[in-house]
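The values are calculated or read from the model by the stated rules, or taken from the named source; none is laboratory data. Predicted model, so just to flag it, every value in this text is computed and none were measured. Cβ: placed from backbone, ideal geometry, glycine included. Neighbour counts: every protein chain shown. The accessibility values were calculated without ligands, DNA or RNA, using every heavy atom of the protein model including side chains. Shrake-Rupley method; radii C 1.70, N 1.55, O 1.52, S 1.80 Å.
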Amino acid sequence: KLPLSELFCVEQECRNGSCRHKLSTMDDSFELDTFILPCQAEHCREARVRVDRVAEAVGFCERGREDMRLAVGEAAANAIKHGGSGNGDGCFSVVCVGTSEKLSVWVSDNGSGFSPDELAGIDEADLCEFGRGVHCIKAVMDEVDYAFDSGTTVRMVKHAAERR
């Protein structure tokens, strides 16, 4: 499910080498990790650690890495809770692509999804025992969006604001 357009720009200015907003050639450097984990709580940590390795490898500062770990942990917890069968026998997948400019992560599950517009507002969520994960993700990431094709996929992007 990794859209290659996230990595490689096919616009004319990229093909002639004048666009630098995405990787324009295979000579540009990037890190990629893609994996599938069981829908069990102990695998949230593995998802965070593996994404953090990519972020560190491409030179993200500690603050950016902290934000990404928080967001990935929340997305993985949601995938485990809402994407599996509830018996721990489902799986969720993570795709992480890092460049010196940004880190993009997709967390996907087979759950029925939700309507982002129907989530409790942040003020309401503060009073609940759960339900703040999506708000946390949006607070620390630069871009967040959802797709509900065959399950739920959250795409999160963190731009490299500063270097190590």
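List of remarks:
- Search result, residues across segment 98-128 that are surrounded by 13 or more Cβ atoms within 10 Å (Cβ to Cβ), over 25 Å from residue 42 (Cβ atoms) and either of a type outside the set (Ser, Thr, Tyr) or modelled with pLDDT under 60 (or both): 101, 102, 116, 119, 120, 122, 125
- Residues satisfying the stated conditions in segment 32-47, i.e. open to solvent by 70 Å² or more (accessible area, probe 1.4 Å) and closer than 20 Å to residue 101 by Cα: 32, 34
- Restricting attention to segment 78-93 and to residues that are modelled with pLDDT of 85 or more and open to solvent by less than 40 Å² (accessible area, probe 1.4 Å), the residue that is farthest from residue 139 (Cα to Cα) turns out to be 90.
- Every residue from segment 33-56 that is aliphatic (A, V, I, L, M) and under 19 Å from residue 159 (Cβ atoms): 51, 54, 55
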